[in-house]
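Colleague: Please see the structure below; I have some questions.
The values are calculated or read from the model by the stated rules, or taken from the named source; none is laboratory data. Remember, predicted model here, so these are calculated numbers, not experimental data. Note that we place each Cβ from the backbone using ideal geometry, even for glycine, and neighbour counts take in every protein chain shown. To get the accessible areas, we keep the full protein, side chains included, count just its heavy atoms, and leave off ligands, DNA and RNA. Shrake-Rupley method; radii C 1.70, N 1.55, O 1.52, S 1.80 Å.
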Amino acid sequence: MNRKAISLALAALGLASVSVAAIAAKPADTIAARQANFKLIGKSFKTIIDQMKAPAADMALVQSSADALAKASTKVHGLFPKGSGPESGVKTHALPAVWEKPADFKAAADKLVLGTKAMQKAAKSGDMAQVKAAFPGVGGACKGCHDQFKGKD
Ligand code: HEC
């Protein structure tokens, strides 16, 4: 059964409010997986930034990091199922706004996917000038989402 079929089956049972993701994984597991994904995103992005500053950039490293960054970015939106916010009782920096403004949150996540795809393309070109040109599109996506949806430490 796919997710939609499961949702329909649950709705038929009067369990529409039970999210599929909540059944598939406990909030603690989901939150750990999304934090690990963000750690990978942070590490990959930092590697690219370090190479942007290096006198002789390792373009193979920039490429592999940009690939990892783009791939992990496509997973972000799916790692915020209902029930995985602060109300779960698990420590998370995700603000309730993620679930209160789902369209804005989706737009912020989509921006990251677009920005990191452009970065991946730039890295593949092997031209550091293109990587530098793609940088604000990624950095802006991180900041744009964190400002609205991520609490401070
Ligand atoms: C669509 C929203 C969104 C985007 C885009 C986004 N983040 Fe985040 N980020 C979050 C949220 C929300 C959290 C808190 C997650 C939690 O604690 O459950 C987070 C957490 C993190 C963390 C901490 C992970 C941990 O728990 O150790 C890092 C590092 C991070 N983000 C880096 C980045 C970088 C770098 C980018 C851009 C390349 C980025 N994020 C883009 C929303 C976003």
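Colleague: For the pair residue 67 and residue 26, how long in nm is the line joining their label points, each one 7 Å along Cα→Cβ?
Modeller: Using points 7 Å along Cα→Cβ, the separation is 3.5 nm.
Colleague: Ok, one more. Distance from a point 7 Å along Cα→Cβ of residue 146 to each backbone N in the range 25-52: keep the residues under 20 Å and list them by number.
Modeller: The answer is 31-52.
Colleague: From Cα pairs below 8 angstrom and at least 6 apart in sequence, can you work out the relative contact order of the chain, rounded to a whole percent?
Modeller: Once normalised by length, the contact order is 23 percent.
Colleague: Accessible area per residue of the range 26-149 at 1.4 Å probe, in Å²?
Modeller: Value for the range 26-149: 54 Å² per residue.
Colleague: Using the Cα centre of the chain as the reference point, and only Cβ charges (+1 on K/R, -1 on D/E), how large is the resulting charge dipole? Debye, rounded to the nearest 20.
Modeller: 100
Colleague: How large is the direction-averaged shadow of the alpha-carbon convex hull of the chain, in nm²?
Modeller: Result: a mean projected hull area of 10.1 nm².
Colleague: Summarise the accessible area of the chain (1.4 Å probe, protein heavy atoms) by the percent that is carbon and sulfur.
Modeller: Percent of accessible area from carbon and sulfur atoms in the chain: 63.
Colleague: Relative contact order of the range 52-123, please, whole-number percent, based on alpha carbon pairs below 8 angstrom and at least 6 residues apart.
Modeller: 47
Colleague: Just to verify a number: FRET efficiency for residue 104 and residue 74, C-beta to C-beta distance, R0 = 22 Å, to 0.05?
Modeller: 0.70
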